[in-house]
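J.: Structure below; questions to follow.
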Amino acid sequence: MRQGLTIGQFATLTHLSVRTLRRYHEAGLLEPATVDAATGYRYYTAEQIPPAQVIHQLRQLDLPLAEVKSILATDDPQSRADLITAHLRRLEDALDRTQAAVLSLRQLLSPHTTDLQVELRTVPARTVAAITGQVALDQAITWYGDAMRELDKAYPPPERTGPPGGHYDNELFTEGTGQMSVFRPVRQPHPSGRIEVLDLPSVDLAVTVHTGPHDDIDVTYGRLGAWVVEHALTIVGPIHETYLTGPRDTHSPTRWRTEIGWPIFRVTTG
């Protein structure tokens, strides 16, 4: 009497290899409908084709076998959706990191047709509205976004006198945790919540402009650092960033312009 679809037939129908089906069986993901006690042959039914294809698609998303098993064992559709959505977010984060690394490598491997444009600039002392915190590097983007939204809410456009900026201690990059300050020059800075009034001293900087999204801003940092080592004397101090055009100004990342300022020692200001 026919016992069902052989593993070979089932593999053909589902586009899954025999080896994969055996692995799914061993992992408890997709057990055959019957197993011949004498021969050990596995037999499947047509009703098992849809779940086999679901497992295959989940594995195509690099979902670990244990998580696939949890999803299949969950009866609640919303719980299944939440588990899959959480994994998709992890994949998106990994894709963002991969794209940033690819872009940086392309910049590093491509010869530069023009020299880096660097300006030596003396920035005068200023009083600004700022938010400062001790931040882990992997949380820097989230922290920055929250702080800038708080500053934007406290100081609408008529109150602003210049583009926003940030100071980033070297330890943020060398140790993975360091002090960050983001600020806005405004007409009348005043403390409120996390916002403080911050007096920025005058400083001499070697400044260059990074154009476009920040995925490869580390390359511009590296090129500016190399220029400074070759042409100037560095001093201890935070890296300065000024966001001439950013996500608050345009939805097109290719139009972003970020000034990077490296603290230097200048004998004269002429």
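Please treat every number below as a calculation from the coordinates, not as lab data. None of the values given here were measured: they were computed from a predicted structure. FYI the Cβ positions are ideal-geometry reconstructions off the backbone, even for glycines, and counts take in every protein chain you see.
J.: For the chain, what does the helix formula give at 222 nm: sum of -39500 (n - 2.57) over DSSP H segments with n ≥ 4, over the residue count, nearest 500 deg cm²/dmol? Working shown, then result.
T.: Working: 8 runs with 106 residues, N = 270.
Taking each H run of at least 4 residues, the total per residue is -12500 deg cm²/dmol.
J.: Beyond 13 Å, what percent of the Cα pairs of segment 5-73 remain?
T.: On the way: 1453 of 2346 pairs.
Cα-Cα pairs of segment 5-73 separated by over 13 Å account for 62 percent.
J.: If you don't mind, there's one more thing I want to ask. Counting only Cα, what are the radius of gyration and maximum Cα-Cα distance Dmax of the chain, in Å?
T.: Every Cα atom of the chain included, Rg and Dmax give 28.3, 98 Å.
J.: Apply 1/(1 + (r/R0)^6) to the Cβ-Cβ distance of residue 231 and residue 254, taking R0 = 45 Å, and write down the FRET efficiency to the nearest 0.05.
T.: On the way: r = 29 Å, r/R0 = 0.65.
According to the calculation, E is roughly 0.95.
J.: With angles folded into 0 to 90 degrees, how steeply does helix 140-154 sit against the dominant principal axis of the chain? Use alpha carbons for both and round to 10.
T.: 60
J.: Calculate the dipole size of segment 5-73 relative to its Cα centre from +1 charges on Lys and Arg beta carbons and -1 charges on Asp and Glu beta carbons; express the result in debye to the nearest 20.
T.: On the way: 6 positive and 6 negative charges, 32 e Å.
With Lys and Arg at +1 and Asp and Glu at -1, about 160 debye.
J.: Pairs of alpha-carbon atoms within less than 8 angstrom and 6+ residues apart define the contacts here; what relative contact order does the chain have, in percent? All intermediate terms of the calculation are to be shown ahead of the outcome.
T.: On the way: 387 pairs, mean separation 44.0, N = 270.
In percent, rounded to a whole number, it is 16.
J.: For segment 120-174 and segment 1-49, what is the separation of their C-alpha centers, rounded to whole Å?
T.: 60
J.: Once you list every other residue whose beta carbon is under 12 Å from the beta carbon of residue 177, what net charge do they have if Lys and Arg are +1 and Asp and Glu are -1? If you can, show how the numbers build up before the last one.
T.: Working: positive: none; negative: 138, 169, 171, 175.
Taking every other residue near residue 177 into account, the sum is -4.
J.: Hey, if you put +1 on the Cβ of every Lys and Arg and -1 on every Asp and Glu Cβ in the chain, which of 182, 234, 116 ends up farthest toward the positive end of that dipole?
T.: Most positive-ward Cα: 116.
J.: Helix 49-60 versus the longest principal axis of the chain: what angle, 0 to 90°, nearest 10, using Cα atoms?
T.: It works out to around 30 degrees.
J.: Could you compute Rg(Cα) / (2.2 N^0.38 Å) for segment 119-265, with N its residue count? Numbers along the way, then the final one.
T.: Numbers: Rg = 14.9 Å, N = 147, 2.2 N^0.38 = 14.7 Å.
Dividing the Cα Rg of segment 119-265 by 2.2 N^0.38 Å gives 1.02.
J.: Taking the Cα atoms only, what angle lies between the long axis of helix 77-109 and the longest principal axis of the chain, rounded to 10 degrees?
T.: In the chain, helix 77-109 runs at an angle near 50 degrees to the longest axis.
J.: What residue among 195, 222, 63 has its Cα farthest toward the positive end of the dipole of the chain, where the charges are +1 on Lys, Arg and -1 on Asp, Glu, each on the Cβ?
T.: 63
J.: Suppose every K and R has +1 on its Cβ and every D and E has -1 on its Cβ; what is the size of the dipole of segment 119-265 about the Cα centre, in Debye to the nearest 20? Don't jump to the answer; show the numbers that get you there.
T.: Working: 12 positive and 19 negative charges, 125 e Å.
Its charge dipole is roughly 600 debye.
J.: Below 8 Å between Cα atoms, with a sequence gap of 6+, how large is the relative contact order for segment 5-73 in percent? Write down the numbers at each step before the final one.
T.: Values: 59 pairs, mean separation 21.8, N = 69.
Computed value for segment 5-73: 32 percent relative contact order.
J.: Hey, what do the phi angles of segment 65-74 turn into as Karplus ³J(HN,Hα) couplings, whole Hz, using 6.51/-1.76/1.60 and θ = phi - 60°, x for Gly and Pro?
T.: 4, 4, 6, 4, 4, 5, 5, 5, 7, 8
J.: Report relative contact order for segment 119-265 in percent, whole number only (criteria: Cα-Cα under 8 Å, sequence separation at least 6).
T.: Details: 288 pairs, mean separation 43.8, N = 147.
Across segment 119-265, relative contact order equals 30 percent.
J.: While we're here: Residues with beta-carbon under 14 Å from that of residue 19, excluding residue 19: net charge, scoring Lys, Arg +1 and Asp, Glu -1?
T.: On the way: positive: 22, 23, 42, 59; negative: 26.
The answer is +3.
J.: Quick one: putting +1 on the C-beta of Lys and Arg, -1 on the C-beta of Asp and Glu, what dipole do you get for the chain around its Cα centre, in Debye to the nearest 20? Working shown, then result.
T.: On the way: 25 positive and 32 negative charges, 112 e Å.
That gives the chain a dipole magnitude of about 540 debye.
J.: Under a Cβ-Cβ cut-off of 9 Å, what is the net charge of the residues other than residue 161 that fall near it, where Lys and Arg count +1 and Asp and Glu count -1?
T.: Values: positive: 160, 184, 187; negative: 159.
Computed value for this residue: +2.
J.: A further question on this structure: Which of the peptides 158-165, 130-137, 86-93 is most tightly packed, and how do the rest follow, going by the mean number of other Cβ atoms within 10 Å of each residue?
T.: Values: 158-165: 16.0, 130-137: 17.5, 86-93: 11.8.
Per-residue Cβ counts within 10 Å, averaged per peptide and sorted highest first, yield 130-137, 158-165, 86-93.
J.: Peptides 24-34, 187-197: what's the order by average Cβ count within 10 Å, highest mean first? Write out the running numbers ahead of the final one.
T.: Working: 24-34: 16.3, 187-197: 13.9.
Packing proxy ranking, top to bottom: 24-34, 187-197.
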